[in-house]
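Taking it in order: structure first as structure tokens, then the write-up.
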Amino acid sequence: MKIKRKKIFQRVGKTPIIPISFKIVGVFTCLLLLSNFATNFINIQLSQLEVFTLTNNIMVNQLKDLYNVASNQYEIYSFSKDKNAAVEALERVAEKEFSYDNSTAFALRPDGSLFFYQSASGEEIYTFPDKVALEKLNNLKQSGIEEGSISFTGEAGAYFGVYKFHQSWNCYIVRAELRVDSQKALQKTFGLISIIIIILVAAFLWVGFLIFSRMFASINRMTESLYKMQQQQAMGLLDLDTAPNDDITYLGVSFNSLSATINNPLSIFQKFVSRDVVEKAYSEHVIRLEGAQKELTMLFSDIKGFTYMTETLGNDIISLLNLHYDRVIHAIHEEDGIIGSIIGDAVLAVYGATSSKINKSVAAVKTAWVVTRETASLRQKLIERRKKIESRRPLTEAEERVYKAVLLDVGVGIDGGKVFYGNIGSFEHMTNTVIGDNVNSASRLEGLTRQYTLPVIVSEYVKQEVEGNTKAYRFIEIDTVMVKGKTEGKKIFLPLEIQSTDEDILEKYNIFEEALTFYYEGDWNAARRKFKQCELDVATIFLKRMSVKQAPENWSGIWQMTTK
């Protein structure tokens, strides 16, 4: 079983709807991290200053010790004349005081040469590398300043330290530390503190998010409800049963009040206009007097014997029509068709005006057979109901009339092609409509279903489009007719569902097609034999036409209709 994941963000078009709790938590996260890191950074800077001061004091004390040892070693040197022994003694004393990897102590002569040089890293140099720092020391010495702070640059980087000039040895005794070494410990501490801050902030944010999620649960439910309304294009009510007593809940209550006020006319609007008009009004917030030529498929359905039904049922005809249209309109909408118009017992459906998963003509033919089956199902129920009544008593004359009136039968005609589709009227009143010769043709084809005693008749346009998209239907050519008001003959077809049609019926239509071939060729004797052999109701109209023995002179195979 697949688990449907809930989306974190709903969307309106391509724009995500970000929950307010995310925004609040995000702002708090930024402020919290900024304040913690800023405080930590200032702390580190102050600590670093303190460390530099402390290190400087330590180096001053170490320099004093080193200076005293240098004085003692000079006295020893004065007697022993062993300079190397003095240098080794100074290096041993300096090495004991080193605390970092690059700590250094050395004695620098005014000319830049080194009396001795000792480094914790083991580095060996013989000439002082920073000429600028040396020049500064010499200038200070000439000014009478022989001790103080020193900054210089070596191969390892920038150093800071203290110095004092030793008159006997004629050199500056220097104790220095690499600036980076003193910062490493602080940087390590800063990194450790940063990790702790991030962990604590993440933990606090998780707790905060849970609290905010609980606090704003009602807002999330409202947002989800509004999103569903937007998707369904229908107003509804927000669920406020568990919402807290706050100003946001008040907004929800106000929305529900507004929704209840406008939902009724909106619902009525959606029922009286076609689906594509509702979608356009919703997306563009305006309905214009506009239209365009489109290639559409039109389905026209009409109830047979409606005049008799009206005379018999009176006002009850409305209930019967509503029962019929409930099924017909549902079938049309199931195939993405839209209602062009409903005029009494007739309905016009349009396919292709909106996006559809299947071809418009395929959808129309599929709808036609659904409508036909639904109507046949209703007739069968009425027949069974009559049998139950007649098992107890015969029907009265009035009941017989009502029975015949409610025994619905429909005809469906389908045609397609270029038509005008859009809104016409004025800004005071307008209607959505479809206009064109193919619309009238669909109505004429529906009228022919009565003459040919067939449930569905389609044009050659529909046949070609359906055959180009599916093999589910077999089109039986019925005739070539010239309807009243036209100057050209058109072939008409019966679309049979291959899967649901019995083999014997298909065989009868094979014989019918053979008969139709003879009929077109003017061989009416052979046509009559085949039409009788097929035993189909549709053949009756041809047998009546061929009451004469031979086809008329200049026979073209086109039958001219005298009525609409």
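The values are calculated or read from the model by the stated rules, or taken from the named source; none is laboratory data. Note that this is a predicted model, so its numbers are computed, not measured. Don't worry about glycine lacking a Cβ; one is built from the backbone with ideal geometry, like all the others, and counts go over all protein chains shown. Surface accessibility is based on the protein's heavy atoms, side chains included, excluding ligands, DNA and RNA. Shrake-Rupley method; radii C 1.70, N 1.55, O 1.52, S 1.80 Å.
Does the stretch 281-326 hold any residues that are modelled with pLDDT under 70, out of contact with any Gly (no Cβ under 8 Å at 6 or more places or on another chain) and more than 22 Å from Glu374 (Cα to Cα), and which are they?
Ala281, Tyr282, Ser283, Glu284, His285, Val286, Ile287, Arg288, Glu311, Thr312, listed by residue number.
Only one of these conditions is not met by Ser356: (1) surrounded by fewer than 15 Cβ atoms within 10 Å (Cβ to Cβ); (2) at pLDDT 80 or above; (3) farther than 23 Å from Pro455 by Cβ; (4) of a type in the set (Gly, Ala, Ser). Which number is it?
(2)
How many residues, within the stretch 159-174, are over 15 Å from Glu123 (Cα atoms) and part of a strand (DSSP E or B)?
Residues flagged as over 15 Å from Glu123 (Cα atoms) and part of a strand (DSSP E or B) within the stretch 159-174 amount to 11.
Condition first: over 41 Å from the mean Cα position of the chain (by Cα), buried (at least 22 other Cβ atoms within 10 Å of the Cβ) and under 16 Å from Ala368 (Cβ atoms). Can you find one or more residues in the stretch 461-471 that meet it?
Scanning the stretch 461-471, I find no residue that is over 41 Å from the mean Cα position of the chain (by Cα), buried (at least 22 other Cβ atoms within 10 Å of the Cβ) and under 16 Å from Ala368 (Cβ atoms), so the answer is no.
Please enumerate the residues belonging to the stretch 485-520 that are at pLDDT below 90, surrounded by 12 or more Cβ atoms within 10 Å (Cβ to Cβ) and within 23 Å of Glu553 (Cβ to Cβ).
Hits for the stretch 485-520 are Lys486, Gly489.
If I go through the stretch 104-124 residue by residue, how many of them are over 19 Å from Trp169 (Cα atoms) and either open to solvent by 30 Å² or more (accessible area, probe 1.4 Å) or not in a strand (DSSP E or B) (or both)?
Here the count works out to 5.
Quick check: is even one residue across the stretch 462-483 in a helix (DSSP H, G or I), of a type in the set (Asp, Glu) and either modelled with pLDDT of 90 or more or in contact with a helix residue (DSSP H, G or I) (Cβ under 8 Å, 6 or more places away or on another chain) (or both)?
Checked against the condition, which is being in a helix (DSSP H, G or I), of a type in the set (Asp, Glu) and either modelled with pLDDT of 90 or more or in contact with a helix residue (DSSP H, G or I) (Cβ under 8 Å, 6 or more places away or on another chain) (or both), the stretch 462-483 yields at least one hit.
Of all residues in the stretch 363-382, which are farther than 22 Å from Asn315 by Cα, surrounded by 12 or more Cβ atoms within 10 Å (Cβ to Cβ) and not polar (S, T, N, Q)?
Ala363, Ala364, Val365, Lys366, Ala368, Trp369, Val370, Val371, Arg373, Glu374, Ala376
Which one of Ile58, Ile145 is of a type in the set (A, V, I, L, M) and more than 15 Å from Phe160 (Cα to Cα)?
Ile145
Residues Thr367, Thr354: which one is in a helix (DSSP H, G or I) and polar (S, T, N, Q)?
Testing whether each residue is in a helix (DSSP H, G or I) and polar (S, T, N, Q) leaves just Thr367.
Considering the stretch 520-533 alone, what residues qualify as being within 12 Å of Lys549 (Cα to Cα) and not in a loop (DSSP other than H, G, I, E, B)?
The answer is Trp524, Asn525, Ala526, Ala527, Arg528.
Could you grab the pairs with beta carbons closer than 7 Å, sequence gap of 6+ or different chains, first residue in the stretch 100-114 and on the phi > 0 side of the Ramachandran plot, second one open to solvent by 30 Å² or more (accessible area, probe 1.4 Å) and in a strand (DSSP E or B)?
Gly112/Thr127
It is to be established whether one or more residues within the stretch 398-405 are free of Cβ contacts under 8 Å to residues at least 60 places away in the same chain and loosely packed, with under 10 Cβ neighbours inside 10 Å.
Scanning the stretch 398-405 turns up at least one residue that is free of Cβ contacts under 8 Å to residues at least 60 places away in the same chain and loosely packed, with under 10 Cβ neighbours inside 10 Å.
Would you mention how many residues in the stretch 148-168 are under 14 Å from Ala107 (Cβ atoms) and open to solvent by 30 Å² or more (accessible area, probe 1.4 Å)?
3
Go through the stretch 344-372 and give me each residue that's among the polar types (S, T, N, Q) and in contact with a Lys or Arg (Cβ under 9 Å, 6 or more places away or on another chain).
Correct list: Thr354, Ser361.
Could you give every pair whose Cβ atoms fall below 7 Å, whose first residue belongs to the stretch 432-458 and is in contact (Cβ under 8 Å) with a residue 24 or more places away in the chain, and whose second residue is of a type in the set (Lys, Arg) and open to solvent by 10 Å² or more (accessible area, probe 1.4 Å), counting only separations of at least 6 or pairs across chains?
Partner pairs satisfying both residue conditions: Arg444/Lys564; Gly447/Lys564; Arg450/Lys304.
Can you tell me which residue is modelled with the lowest pLDDT among those in the stretch 61-90 that are within 26 Å of Lys184 (Cβ to Cβ) and open to solvent by 50 Å² or more (accessible area, probe 1.4 Å)?
Asn61
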